Amino acid sequence: MKSRIKGRHLNGFKDMSLGSGIIEYLNPEFVYFPIQLDGSNFTLLKKVGDDVLEGEPIMIKEGRFQYPICSSVSGTITQVKKMWHSSGKMVEMWEIQNDFKNNLYHNDFKSATNRDSYIESIKQAGIIGLGGAGFPTYVKYLPTDSAKVVIINAAECEPYITCDYLSIIERTSDLIKGLKLIMSINNAPKGVIAIKESKIQAIEALLNAIGDDSSLSVYELKDTYPAGWEKYIVEHITKSTYVSLPREVGAIVNNVQTVLAVYDALSNNLSLTTRVVTITGDGIKEPKNFRVKIGTKVLDLIEKCNGYVDDLEDAYLIAGGPMTGHAILFDDLVITSTVGSIIVKKKNTKVKSLNCIGCGKCAEKCPAFLTPTSIRQAFLSKNVDELRDLRVNKCVQCGLCSYVCPSRVEMTDYMFKAKDMLAKATVLKK
Ligand code: SF4
Ligand code: SF4
């Protein structure tokens with residue numbers, strides 16, 4: 001199967017980090033876990049000075065859908081320290097000193113035998129969406145009606161990032177087993193892997209692993225950005241449209257590494273303690289991919305890449321993809337479960353933002369069919385009714401309007417603020 005979508009082909013820069021394969025870096029001296037975060041509420045199960053086991057729940061993320069956060073090493077909680085978080089904020093984190101004993105917390109996820117116990121195991125393993133959204137995975141499996149299809153979103157469409165692609169190649173069989181497990185939990189008759197047509201080696205590996213299993217297929221996406229937008233993928237595969245969630249049309253969508261985390265929990269009793277991350281960019285000497293313990297310091301990984309390039313003067317880091325990630329000026333940063341890449345980029349101080357010249361490129365490329373310039377005007381004049389009419393809430397913050405703008409107007413930033421303005425006005429009205 002093939003798709004056509006509105007978007008743009010982006011220069012990939014993916015070759016930079018592809019050659020490394022996935023290098024294991026699983027024994028950092030320290031790992032860090034946020035204990036406070038805007039909009040999040042944690043119940044701490046431990047305190048400074050306590051010993052912890054690898055995989056042991058150390059706090060509960062509260063909210064409508066709570067889940068545990070598990071220590072990624074065995075050792076001792078040594079102190080509270082302020083570190084940079086991938087959200088672009090400096091926050092208080094627990095520092096856990098690794099005792100290098102790898103003492104594992106006892107999980108018994110493998111004994112799960114029915115739908116409810118599978119879902120409870122996935123919850124207790126602390127698995128959340130590793131593609132960036134961080135939504136608790138078990139919640140997607142809660143509806144009791146059968147799903148029509150489980151989709152693995154393997155598009156990895158932002159430039160530079162290669163961690164999912166390499167995970168597919170290195171763990172094809174586990175990925176397919178994970179997909180089958182999720183299909184069985186949700187009683188779904190079909191499983192589809194959505195992947196860009198340019199990822200030939202991964203497609204070949206997937207087709208080989210699928211063999212003659214007629215319940216599984218590969219869906220090839222055009223090599224454009226944002227081909228990985230969930231709504232595109234679901235609507236093209238199911239031929240149905242939805243308002244809020246894919247489950248409205250019977251679809252469940254999981255990212256590559258999330259499916260592998262589900263497989264690791266249900267087949268190997270493992271809580272979510274590791275992920276694969278790409279460290280890349282023109283500021284890094286030898287870009288690479290690593291399987292790391294969640295909470296590892298980015299600086300440890302940059303060191304493993306032989307450090308920064310020699311002529312690096314003014315630079316910044318992007319936590320996440322270059323289109324949707326957060327720019328951070330400091331490298332005292334931590335790999336959280338939702339961070340798939342760290343990109344170190346040289347600052348281009350010569351390029352300045354100019355005024356909009358009305359070329360229309362932002363509207364032409366917007367995958368949500370919005371008119372960013374009108375939204376910007378409505379935002380600047382604080383016209384909430386117009387923001388609603390212009391459907392700013394449909395913006396997926398893909399970053400394309402900023403990317404294509406010849407005047408380098410930070411349109412995505414305006415879209416974000418405009419969405420926020422409309423959301424706040426809507427809450428006040430209720
Ligand atoms: S950030 Fe929003 S407005 Fe801009 S191109 Fe993406 S969806 Fe459209
Ligand atoms: S792409 Fe930039 S210059 Fe062109 S209309 Fe949009 S904001 Fe204006």
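Just so you know, all these numbers are worked out from the coordinates, no wet-lab data involved. All figures in this text were calculated on a predicted structure; none of them were measured in a lab. Don't worry about glycine lacking a Cβ; one is built from the backbone with ideal geometry, like all the others, and counts go over all protein chains shown.
A few remarks follow.
- Interchain or long-range residues, amide H under 5 Å from Met90's placed H: His85
- Relative exposure of Val73, Val91, judged by other C-beta atoms within 10 Å (fewest first): Val91, Val73
- Note on the chain: antiparallel DSSP beta bridges, both residues inside, total approximately 60 percent of the bridges counted.
- Alpha-carbon centroids, the range 359-374 and the range 231-310: separation in whole Å: 29
- Residue with peak Gaussian network fluctuation, the chain [Cα springs, cutoff 10 Å], from Lys304, Lys177, Lys382: Lys382
- Anisotropy class of the chain from Cα gyration tensor, a/c 1.5 cut: rounded
- If you take all other residues with their beta carbon under 15 Å from the beta carbon of Gly191, and give Lys and Arg +1 and Asp and Glu -1, the sum is +2.
- GNM remark for the chain: springs join alpha carbons under 10 Å apart, and the peak mean-square fluctuation among Ser267, Ser111, Ser184 falls on Ser111.
- A Cβ-based charge dipole, computed about the Cα centre of the chain with Lys and Arg at +1 and Asp and Glu at -1, lands at about 1580 debye.
- Here Arg64, Arg391, Arg376 are placed in order of increasing Cβ neighbour count within 10 Å, fewest first, which gives Arg64, Arg391, Arg376.
- Computed over neighbours whose Cβ is under 11 Å from that of Ala205, the net charge equals 0, Lys and Arg +1, Asp and Glu -1.
- Relative contact order for the chain, counting Cα pairs under 8 Å that sit 6 or more residues apart, in percent: 19
- Think of each Lys and Arg Cβ as +1 and each Asp and Glu Cβ as -1; about the Cα centre, that makes the dipole of the range 361-429 roughly 100 debye.
- For the range 108-118, 3J(HN,Hα) computed residue by residue from phi via the Karplus equation (6.51, -1.76, 1.60; θ = phi - 60°) reads 10, 5, 5, 7, 4, 10, 10, 3, 5, 6, 4 Hz, glycine and proline entered as x.
- Taking chymotrypsin sites (Phe, Trp or Tyr not before Pro) across the range 247-339, the ones in a DSSP loop with at most 12 further Cβ atoms lying within 10 angstrom of their Cβ are Phe330.
- GNM flexibility winner over the chain from Leu354, Leu207, Leu216 (Cα, springs under 10 Å): Leu354
- Using the Cβ of Ile279 as centre and a radius below 13 Å, the other residues enclosed give a net charge of +2, where K and R count +1 and D and E count -1.
- Cα-based reach from Lys347 at 20 Å (exclusive), listing aspartates and glutamates while leaving out same-chain residues under 8 positions away: Glu158, Asp282, Glu286, Asp310, Asp311, Glu313, Asp314, Asp331, Asp332, Glu410, Asp413
- Dipole of the chain, positive end: most advanced residue of Gly283, Gly63, Met421 [Cβ charges, Cα centre]: Met421
- Taken over the Cα atoms of the range 361-429, the convex hull encloses 68 Å³ per residue.
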